[in-house]
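Here is the structure we will look at, set down as structure tokens.
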2 protein chains.
Amino acid sequence: MKKFSSRFSIAVHILSVVSWNSSLSTSEFIAGSVNTNPVIIRRIISSLKKAGLVSVKAGTGGTYLNKELDEITLLDVYRAVEVAQQGELFNFHEHPNPACPIGANIESVLRKNMLKAQTAMEQELAQVTLKQLVSELSEKTVETAKG
Amino acid sequence: MKKFSSRFSIAVHILSVVSWNSSLSTSEFIAGSVNTNPVIIRRIISSLKKAGLVSVKAGTGGTYLNKELDEITLLDVYRAVEVAQQGELFNFHEHPNPACPIGANIESVLRKNMLKAQTAMEQELAQVTLKQLVSELSEKTVETAKG
DNA sequence: ATTCGTTGTAACTATAATGATTACATCGAG
DNA sequence: CTCGATGTAATCATTATAGTTACAACGAAT
């Protein structure tokens, strides 16, 4: 295929940092944790803003959650930053030969089945909230500190 | 994201044509139905060969199924032509800051959850055989013929 | 054995998405 | 007004994909 971009994992990373300390969460600071350029962070935060997940204090800096952690699912984040809209994960070859009975009908048949597969994936993402994820993260952090 | 390549849909198209008439299935002929270049078809057939799904008569031409239609699932085709191996659909940002407790642990936590989502999608693909798909295709073809 | 259509690949090109970076106008608190 | 931060445009390198040309090797048919 071509995997999903890293935007999704960075977006989750951003939200985790924001949930830990909103006022410290400047693009500069988050970029330090993600280890990338601040502009990358600002672009992804821009997507999260459009999706209504966060607000940003322009000028001053800092990013704030618009919802509680348990009201944000991985699917919300996925939808906010990935280009694929619902039902569009799979690509189809553009112009099959309409004169061929197979070429004429393969797309609609395949599309129906692919939509089921994509929906199954999205339902899994919908079942994980950021609250759960941050909770798993802090368990892991404690383990790391111990070991 | 970046969608899956069209290789998957072309591969299913190819197998559908082959199941309809093996000896007619030269790369040239299939390319006519898919409406692309014969080399594209040969490259994908090459992947299908490596996966053991088909055999090709070099020199003479023609592509032959190695398994029955109901023994080939969409997951088999997906695995044959897409680059992503099991558990690798999602990309992760490469080098988060290990000094940050979030950066140090986010990947493993996220990876676990993403694997569940990917597996759910693959299980859906595993439940559709080419036999079912070709059957849906011929129903559709009859409808189209009727008008 | 030669011919002819086909396969199997390599090589090259164009296009598009991504990630990174620089630059700069604008915002807002102090 | 100043200073740090945001928002965004522009540019660049890298990579995957899709398409195309070219050509050696294969195999059946004559």
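On the principal axes of its alpha carbon atoms, the stretch B:40-107 extends 61, 26, 14 Å, with the longest extent given first. A 1.4 Å probe run over the protein chains yields, for the protein assembly as shown, 48 Å² of accessible area per residue, whole-number rounding.
Mind checking the angle between helix B:7-20 and chain B's longest principal axis? C-alpha axes, 0 to 90 degrees, to the nearest 10. Between the helix axis and the principal axis of chain B, the angle is about 30 degrees. Using the Cα gyration tensor of the protein assembly as shown, with a ≥ b ≥ c the square roots of its eigenvalues, what is the shape: rounded (a/c below 1.5), prolate (a/b larger than b/c) or oblate (neither)? It is prolate, given that a/c is not under 1.5 and a/b is the larger ratio. Amide H contacts for residue A:54 (H built 1.01 Å from N in the peptide plane; partners 5 or more residues away or on another chain; cut-off under 5 Å): A:49, A:66. Ascending distances from the residue B:139 label point to its copies in the other chains, with the point 7 Å along the Cα-to-beta-carbon line: 4.4 nm. Interface between chains A and B: roughly 5300 Å² of accessible area buried, both sides summed (probe 1.4 Å, protein heavy atoms only). Distances between copies of residue B:108, taken at a point 7 Å out from Cα along the Cα→Cβ vector and listed shortest first: 5.1 nm.
Accessible area per residue was computed with a 1.4 Å probe on protein heavy atoms; residue A:93 scores about 40 Å².
Helical runs assigned H by DSSP (4 residues or longer) give chain B a calculated mean residue ellipticity at 222 nm of -19000 deg cm²/dmol, each run adding -39500 (n - 2.57) before division by the residue total.
Between the helical axis of A:130-146 and the longest alpha-carbon principal axis of chain A there is an angle of about 60 degrees. Surface calculation, 1.4 Å probe, protein heavy atoms: residue A:142 sits at approximately 80 Å² accessible.
May I ask for the net charge around residue A:131, where only other residues with Cβ less than 9 Å from the Cβ of residue A:131 are counted and Lys, Arg are +1 while Asp, Glu are -1? Neighbour charge sum, excluding residue A:131 itself: -3.
Output the 0 to 90 degree angle, nearest 10, between the alpha-carbon long axis of helix B:101-126 and the longest principal axis computed from the alpha carbons of chain B. So the helix axis and the longest Cα principal axis differ by about 20 degrees.
Beyond 17 Å, what share of the Cα-Cα pairs of the stretch A:7-146 is found? Please give it as a whole percent. The calculated P(r) of the stretch A:7-146 puts 66 percent of pairs beyond 17 Å.
Cross-link partners of residue B:140 among aspartates and glutamates, defined as those whose alpha carbon lies under 20 angstrom from its own and excluding same-chain residues fewer than eight positions apart: A:94, A:107, B:70. Accessible surface ranking for B:79, A:43, 1.4 angstrom probe, highest first: A:43, B:79. Pairs exceeding 27 Å between alpha-carbon atoms, taken from B:67/B:112; B:57/B:131; A:67/A:146; A:50/A:112; A:67/A:112: B:67/B:112; A:67/A:146; A:50/A:112; A:67/A:112. For the stretch B:1-72, the square roots of the Cα gyration tensor eigenvalues, ordered a ≥ b ≥ c, give a/c of at least 1.5 with a/b no greater than b/c, which places it in the oblate category. Label-point spacing for residue B:88 across the identical copies (point 7 Å from Cα in the Cβ direction), in nm and ascending order: 2.8. To put it simply, the accessible area of chain B at a 1.4 Å probe is 50 percent carbon and sulfur.
The values are calculated or read from the model by the stated rules, or taken from the named source; none is laboratory data. Just so it is clear, the structure is predicted and the values come from calculations on it, not from any experiment. FYI the Cβ positions are ideal-geometry reconstructions off the backbone, even for glycines, and counts take in every protein chain you see. All accessible areas refer to the heavy atoms of the entire protein, side chains included, with ligands and DNA or RNA removed. Shrake-Rupley method; radii C 1.70, N 1.55, O 1.52, S 1.80 Å.
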